Amino acid sequence: MRSFYNITFLIFLFLFSQNSAFTQDLSGTWNGRFSLKGSARHWSFELDMEQDHADIKGIGKQIELSKKDQSRNVNSTFTIGGNFDGQYLSYDMEEVIFLKSSNGQCLSKCEYKLNETLSKYQFVGECQRNGIFYKNNQYFPDHSACKIPAITEVVFEKAKDINGRKTETVETVLVNNNNNNNNNNNNNKVTIKIWDNDKVDGDVVSLNLNGIWILKNYRLKKHPKNIIIDLPEDSNELVLFAENLGKIPPNTASISIWNGREEIKSLVLNSDKGRSEAIKILKY
């Protein structure tokens, strides 16, 4: 009888460990940056993942962000397939859907470790060429160009929900960390301006930067409120949190980001009782 209970207990532990390993749902849009190891140049990408237990599939986009006008250009789109064990994610690039360059591209295999911060989930790892070359809708295994070692360092992340509300990153902004037009002595500082973008209808909002409240229960006005903030990380998440819906839902706010005397970006964020929109601010 004792052996029966021992076996039952071991089975329970196994099932529990299998379920707990996948309590972190990776489904959704992840944003990140990658660079060739040893290079100062960075590229941006988005990864839309779907998780079914340990199995991962999705679509990735390599995106070039313009430092001049903040425009986005998609250089390539591809599918991925792999697995997640609760701590480590590995996947292969499987099919190329779109490739802007006519020169072709080497496909990659990638491995990452999951980290968790106050405000986001983050994968950090590397990608290496897997030997397959793609060009003109054809795949060439064991291609000589793709056997040359080239390690890509990758970081991609997803903002955590705040107070039970889904956080959705709707825009990515680049900020020059060495902007000579910056009047502040600390080049990590930028100015956030926030105001009611339409009719003032009693919208009350809070702003969260990397898990820290930098503005709480502020009633939006027609004239901008200036907030000088530090950008403590290379990748920063600014979230608009609706404290109410005003007279005309949803809660909307105009936000502009300034680096010294230079306006980097101006946009409108919308948030309600179930969803908060966010801006990712990247330093370069």
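Here are a few things to note about the model shown:
- Heavy atoms of Ser102: accessible area, 1.4 Å probe, square angstrom to 10: 90
- Difference of contour (0.36 nm per residue) and Cα-Cα distance, Lys273 to Thr117: 53.8 nm
- With each label modelled as a point 7 angstrom along the Cα→C-beta vector, the Ser254-Asn130 pair spans 4.8 nm.
- Compactness relative to 2.2 N^0.38 Å, alpha carbon Rg of segment 132-284: 1.33
- Label point 7 Å beyond Cα of Asp234 along Cβ direction - residues of segment 240-284 with amide nitrogen under 16 Å: 281-284
- Taking a point 7 Å from the Cα of Val74 along the Cα-to-Cβ direction, the residues of segment 27-46 with backbone N closer than 12 Å to it are 46.
- Cα-based Rg / Dmax (Å) for the chain: 22.2, 78
- Asp92-Trp213 FRET efficiency (beta carbon distance; Förster radius 35 Å; 0.05 resolution): 0.30
- Taking amide H as placed 1.01 Å from N in the peptide plane, the amide H of Trp30 sits under 5 Å from that of Leu47, Asp48, Met49, each at least 5 places away or on another chain.
- Once the Cβ-Cβ distance of Asp142 and Val170 is raised to the sixth power relative to R0 = 45 Å, the FRET efficiency obtained is 0.60.
- Cα gyration tensor, segment 50-144 - rounded (a/c under 1.5), prolate or oblate: oblate
- Around the amide H of Ala150, modelled in the peptide plane, lie the amide H atoms of Arg129, all under 5 Å away and 5 or more residues distant in sequence or on another chain.
- Once the chain from Lys199 to Ser101 is taken as fully extended at 0.36 nm per residue, the excess over their C-alpha distance is 30.7 nm.
- Based on C-alpha pairs under 8 angstrom that are at least 6 apart in sequence, the chain has a relative contact order of 14 percent.
The values are calculated or read from the model by the stated rules, or taken from the named source; none is laboratory data. Just so it is clear, the model here is predicted, and its values are computed rather than measured. Reconstructed Cβ throughout: ideal geometry from the backbone, glycine too, with neighbour counts over all protein chains shown. Calculation scope for accessible area: heavy atoms of the full protein, side chains included, ligands and nucleic acids excluded. Shrake-Rupley method; radii C 1.70, N 1.55, O 1.52, S 1.80 Å.
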